[in-house]
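The values are calculated or read from the model by the stated rules, or taken from the named source; none is laboratory data. Quantities reported herein were computed from a predicted structural model and do not represent experimental measurements. We place every Cβ from the backbone using ideal geometry, glycine too, and count neighbours over all the protein chains shown. Ligands, DNA and RNA are excluded from the accessible area calculation, which covers all protein heavy atoms including side chains. Shrake-Rupley method; radii C 1.70, N 1.55, O 1.52, S 1.80 Å.
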Amino acid sequence: MATAYILPIKTAAALFPLLALLLLLPTAVVVYRRHGVMSPGRTLSLYGFLYYLLTAYCLTIVPLPKKTADMCERFVLVAHPQLRPGNTFSDIWKEADHKIGLDALVLQNPAVAGTLFNLLLLVPLGIFLRYHFGRSLHTTAWTGLAVALSFELTQWTGVWGLYDCPYRLFDVDDLIVNTSGAVVGWLLAGPIARLVPTLETLDGRALAARPVPFGRRLTALVVDVAGYVAASVFITAVLTFQGATPSLWIPVAVFVAWFVLLPLVTGTTPGKRLLLLRLVADGGGPLVVGRLALRALLLGLLVLPFLAGLFLAMLTLLAGPIPSDLLAGVQDAGAQGAAAVLFALDPLELLAVMTSVTLLAVCARTTLRHPHRLAPHDHISGIRNTTLPHARARQAAAKADGRADGGTDGGMGGKADEPADGPADDRAGGGEGEDDQTGNGEGKDDRASDPADDRPAQVPVERTAEDASTEPQNSATAGSH
């Protein structure tokens, strides 16, 4: 029976990379907006949850039967849903051939194995809901019921109309057992969660080490480039539709407006605003046109050749007939297929593509090797990124305000609460002019904090003896920035 699960698991493994790639950008935007960082622990947990859900659904619908004229006749036994609770016990007794014995009733009984599989199917869901999402037992039970119902409805509707009739049985006992599995998983997650650090702890450590993560800035850049390309194409299409001749200066004008004028007026680009980032000048001065133009020029020298290389490659592959040997090469896996596409380009086009890829690789390497993870266009122009409060920091600040207000109303005479979020820029340890904190929330700031900035210090971080011993050294380092 175990061999029946191999094909669904292989199918999920084949689909997962594509699904993960498609969801990478929206997932990164959501996580960075809510938590401020995609720590390795949270990323692993999130994509583990995604892979589990994909595998669970594949296990309920794969293998797909072949469509034939007599398909509904072949699956006539599962045409009607089984709505009588407890029918599983009848199936167990039937599969045991009405014999009483450990082997007949349990060890060698297919109905018992199927029921155990249905129980285990949603155990990981309960674990993820408690550890990753922090849901209660009540919410987990209802979520498990909803997921189990989606399994059964997918089967009963023939994969939502893909087939004319169901090829698997809708069984109310499966709903009960699946939901019970989610509850069991939630109960098991309690002891497991006590053995590993919470995701908030991992996020806090990552933010303390790097207040403005490289991935957050990279995600904002990808959103900005995608928006810039979409705006350029839209304006060009509108002018073409109106009968005007599009100018080659349109992409340049859109680039200047996107990366120079908008930051000058609003202090940020649309992509950075979406990722809760803003641009600040070194020394705290205002943003000026000259520095913004220099930054945009350096950024354009890195991004535009890459876009141009991709555009040339796309035009080469789409224009004219494609040689049959190229199609055969593209069907090869891995590097052979990529090489077939590259060799189809003209030497000049190939040089453009390789140059753009090399520039991006050099920029990424230079950024990651910089002490404060500043990109070349950042430290040359003197303009860097700083953060705005993410959702969890705002929630923590609101709770702190509520506690402080309650203490004041009760006559405690406590000091007014300070903003939950302070400045956090590209520099590790908290940025220039930072106080003697390490980012874990200890110590007092000797200057007024800016509530528009994002300080990871307010994120709860588990402290160990090793953290305490290294705090003085980290404090000195933060102050030197």
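Between H138 and D282, what FRET efficiency comes out of the Förster formula 1/(1 + (r/R0)^6) with R0 = 41 Å and r the beta carbon distance, rounded to 0.05? Could you put the intermediate results ahead of the total?
Working: r = 51 Å, r/R0 = 1.25.
Efficiency at R0 = 41 Å is approximately 0.20.
Computed with every protein chain present, the accessible area of L116 is close to 90 Å² [probe 1.4 Å].
Taking 0.36 nm per residue of sequence separation and removing the Cα-Cα distance, the A253/R33 pair yields an extension gain of 76.2 nm. Stretching D70 away from A13 to a fully extended chain increases their span by 17.3 nm, per 0.36 nm per residue minus the current alpha-carbon distance.
Measuring from centroid to centroid over Cα atoms, what is the spacing of the range 58-80 and the range 272-306 in Å? Their Cα centres are 58 Å away from one another. In the range 253-300, the convex hull through the Cα atoms has an average projected area of 3.3 nm², a quarter of its surface area. Can you pull the one-decimal nm distance between simple spin-label points at Q108 and L53, each 7 Å off the Cα toward Cβ? If labels sit at Q108 and L53, their model points lie 4.2 nm apart. The modelled label-to-label distance for the pair D97/F234, using points 7 Å beyond Cα in the direction of Cβ, is 7.1 nm. Computed from label points 7 Å out along Cα-Cβ, the spacing between A244 and T43 is 4.3 nm.
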